[in-house]
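As structure tokens, the structure follows; a few thoughts come after it.
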Amino acid sequence: MSFAKPIFDVQKARADFPILTREVNGKPLIYLDSGASAQKPRQVIEAMSDAMGRSYANVHRGLHTLANETTDAYERARESVRRLINAPSVNEVVFTKGATESINLVASSLGLGLKAGDEIVVSEMEHHANIIPWHFLRERQGIVLRFIPVLDDGSLDMDAYRALLGPKTKMVAVTHMSNVLGTVNPVAEIIAAAHAVSAPVLLDGAQAIVHGAVDVQALDVDFYVFSGHKLYGPTGIGVLYGKAERLAALPPYQGGGEMIGSVTLEKISYADPPHRFEAGTPAIIEAIGLGAAVEWLEQFDRAAIAAHEHALYERVKGGLNGANWLTEIGTAPGKGAIFSFNVAGAHAHDVAQILDRYGVAVRAGTHCAEPLMRRFGVTSSARASFALYNTLEEADSFVAALVKAQGFFS
Amino acid sequence: MSATMTQELQDLAAEFDLMGDWEERYRYVIDLGRELEPLSDVERSESNKVRGCASQVWLVTEAGPDGTLVFRGDSDAHIVRGLIAIVVRLYSGRAPDEIMAFDPRAAFDKLGLAGALSTQRSNGLFSMIERIRRDAMAVQAASN
């Protein structure tokens with residue numbers, strides 16, 4: 001018996017993104033900066049607009065019709081996110097501002113239970129968002145940060161990782177997929193090794209959630225964080241998944257309305273998760289937008305999207321094959337569709353500026369990962385990151401524009 | 001006394017008017033950057049660094065004759081270096097009053113390089129002109 005391989009219809013998906021028809025500098029926009037933030041399908045735009053135009057009130061507070069409708073829509077978004085990551089319960093899905101706030105929440109709440117000398121393991125390839133919140137604990141409480149080194153191909157040194165683990169390890173916080181290298185880390189192995197020393201694991205899924213199916217139960221991960229805006233949803237909304245017992249053990253992060261059980265002037269009790277961590281009026285419209293993004297994504301086969309994105313990456317690699325002026329950073333086996341590079345004789349800033357003139361949007365700089373830049377001996381790199389709406393023709397145009405850009409500096 | 005900033009801008013605009021398309025303009029900017037005297041390693045210091053994100057920019061301010069200010073700058077990116085060369089040509093050796101009266105945005109518009117002065121923090125050039133103006137203002141304040 002054989003199964004037909006699911007085909008991803010890029011033109012059909014692409015038609016949902018109004019912005020992709022615009023021109024930049026007189027050229028059709030080729031948007032290769034989705035790793036920084038993805039464009040939004042009209043279904044997300046309309047869901048947010050409808051929520052504001054037809055059914056809007058504060059959530060969890062009122063008893064009137066609009067309050068009930070909005071609360072339902074907000075909680076339906078939480079259920080959509082639960083489905084996306086296969087969490088056992090909606091109570092394990094906390095809405096935050098984004099991956100950055102999710103990590104800050106865990107770090108500051110968990111940090112209250114740590115003492116000087118306790119260790120937190122992160123990696124050298126982390127985004128600053130997964131370094132600085134832990135650094136606060138180092139600066140303020142004498143927590144020790146241990147860094148997993150990165151090998152030359154952009155993969156983690158797993159032997160070194162195992163050697164870092166011990167009885168003092170109180171948390172392992174690593175990225176599921178590097179925003180610079182595209183490396184997809186062996187998270188199952190990372191989690192198993194951490195659990196063997198009773199340390200919880202937080203995965204930064206900001207990139208990984210976009211490019212493949214994530215199952216938090218299969219991973220047995222303790223905390224999983226991501227942002228809405230990279231997942232074709234709006235800015236200002238993100239997710240913290242935490243195992244029920246892990247979230248229950250965390251003290252609140254911010255105080256305010258909605259996160260309490262009861263309040264007297266002397267004594268305050270806190271609500272159970274997830275509401276304990278959602279103080280104040282949440283980003284209601286943004287949560288509804290994220291829910292719409294997840295529902296929109298559910299029409300596609302995630303593996304087919306990944307295959308399409310991989311084909312884009314391979315097309316670019318093939319097109320640039322033999323270019324002796326090009327250095328790629330990050331070549332780990334099984335890496336995702338992120339292409340970080342430098343052009344000999346030019347700064348990444350130069351390359352990005354020239355590419356922009358050809359309508360191609362890429363990122364240039366340190367990608368909020370300065371330790372990683374230093375590890376590879378560069379001060380910056382350019383990065384093309386691919387999304388489901390990019391086409392093979394765009395990959396070809398990018399290659400042609402990059403060859404022309406290089407010509408400016410040769 | 002050399003030409004005024006406005007005259008210098010006219011000269012630059014005449015040079016840029018000779019260019020056909022944006023590609024030629026950018027090539028010219030890159031060439032201007034190549035001709036710019038680089039700063040020494042010592043001058044590429046943390047205190048001379050201008051805030052930027054994508055590329056690094058350095059600015060050295062020195063006192064010139066008759067109360068003028070002399071500026072020298074550098075960057076690790078070619079296009080930014082070329083833009084710095086233009087900034088130096090316009091601003092260096094001028095009196096603080098002339099510097100403060102000059103409109104940098106209008107100038108870069110005139111050269112067809114409007115996008116170059118975007119306020120994005122990734123672009124250190126805007127911060128560089130801000131620092132030039134701050135230094136000029138400090139000299140103005142001290143002489144009043």
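None of the figures in this text is laboratory data; all of them are computed from the coordinates on show. None of these values were measured; they are calculated from a predicted model. Backbone-built Cβ (ideal geometry, glycine too); neighbour counts: all protein chains shown.
Under the combined filter of DSSP loop state and at most 14 neighbouring Cβ atoms within 10 Å, region B:1-76 retains these trypsin sites (Lys or Arg not before Pro): B:51. Helical runs assigned H by DSSP (4 residues or longer) give the protein assembly as shown a calculated mean residue ellipticity at 222 nm of -12500 deg cm²/dmol, each run adding -39500 (n - 2.57) before division by the residue total.
Counting only Cβ charges, +1 for Lys and Arg and -1 for Asp and Glu, the dipole size of chain B around its Cα centre is about 500 debye. In this structure, the amide hydrogen of residue A:171, modeled 1.01 Å from its nitrogen in the peptide plane, lies closer than 5 angstrom to those of A:121, counting only residues at least 5 positions away or on a different chain. Hey, quick one: spin label on residue A:310, modelled 7 Å out along Cα-Cβ, who in region A:187-204 has an amide N within reach, i.e. under 20 Å? The answer is A:187-189, whose backbone nitrogens lie closer than 20 Å to the label point. When chain A is described by a simple charge dipole with +1 on each Lys and Arg Cβ and -1 on each Asp and Glu Cβ, the residue from A:147, A:410, A:80 located farthest towards its positive end is A:410. Distant-in-sequence amide contacts of residue A:148, defined by a placed amide H-H separation under 5 Å and a gap of 5 or more residues or a different chain, comprise A:122, A:123, A:124. Toward the positive end of the charge dipole of chain A, with +1 on the Cβ of Lys and Arg and -1 on the Cβ of Asp and Glu, the farthest Cα among A:386, A:247, A:135 is that of A:135.
Taking label points 7 Å from Cα along the Cα-to-Cβ direction, residue A:72 and residue A:58 give a separation of 2.2 nm. In order along region A:50-63, phi translates into HN-Hα couplings of 4, 4, 6, x, 10, 8, 9, 6, 6, 9, 6, 10, x, 10 Hz, rounded to whole numbers, per the Karplus curve 6.51 cos²θ - 1.76 cosθ + 1.60 with θ = phi - 60° and x for Gly and Pro. Mean partner shielding of peptide B:71-79, defined as the number of other chain Cβ atoms within 10 Å of each residue Cβ, is 4. Taking every C-alpha pair closer than 8 Å and separated by at least 6 residues, the mean separation divided by the residue count of chain A gives a relative contact order of 23 percent. log10 I(q)/I(0), Debye, Cα-only chain A, no solvent, q = 0.08, 0.11 Å⁻¹? For chain A at q = 0.08, 0.11 Å⁻¹, log10 I(q)/I(0) is -0.45, -0.85.
Model label points for residue B:49 and residue A:153, set 7 angstrom from Cα along the Cα-to-Cβ axis, are 3.4 nm apart. Of the GluC sites (Glu not before Pro) found in region A:236-271, those in coil by DSSP whose Cβ has at most 12 other Cβ atoms within 10 Å are A:266.
Rounded to the nearest 5, what is the percent of antiparallel bridges among the DSSP beta bridges in region A:63-219? About 15 percent, rounded to the nearest 5.
Treating r as the C-beta distance of residue B:141 and residue A:11 and R0 as 60 Å, the FRET efficiency rounds to 0.45. For the protein assembly as shown, a crude dipole built from +1 on the beta carbon of Lys and Arg and -1 on the beta carbon of Asp and Glu, taken about the Cα centre, is about 740 debye to the nearest 20. Bridge orientation summary for chain A: considering DSSP beta bridges with both residues in this region, about 60 percent are antiparallel. Taking all Cα pairs closer than 8 Å and separated by 6 or more residues, the relative contact order of chain B comes to 26 percent. Under the convention that each Lys and Arg Cβ holds +1 and each Asp and Glu Cβ holds -1, the size of the dipole of region A:275-372 around its Cα centre is about 240 debye. Loop-located trypsin sites (Lys or Arg not before Pro) across region A:207-284 with a Cβ neighbour count of 15 or fewer within 10 Å are A:267, with loop assigned by DSSP. Under a point spin-label approximation (7 Å from Cα along Cα-to-Cβ), what is the residue A:163-residue A:21 distance to one decimal in nm? Output for this residue pair reads 5.8 nm.
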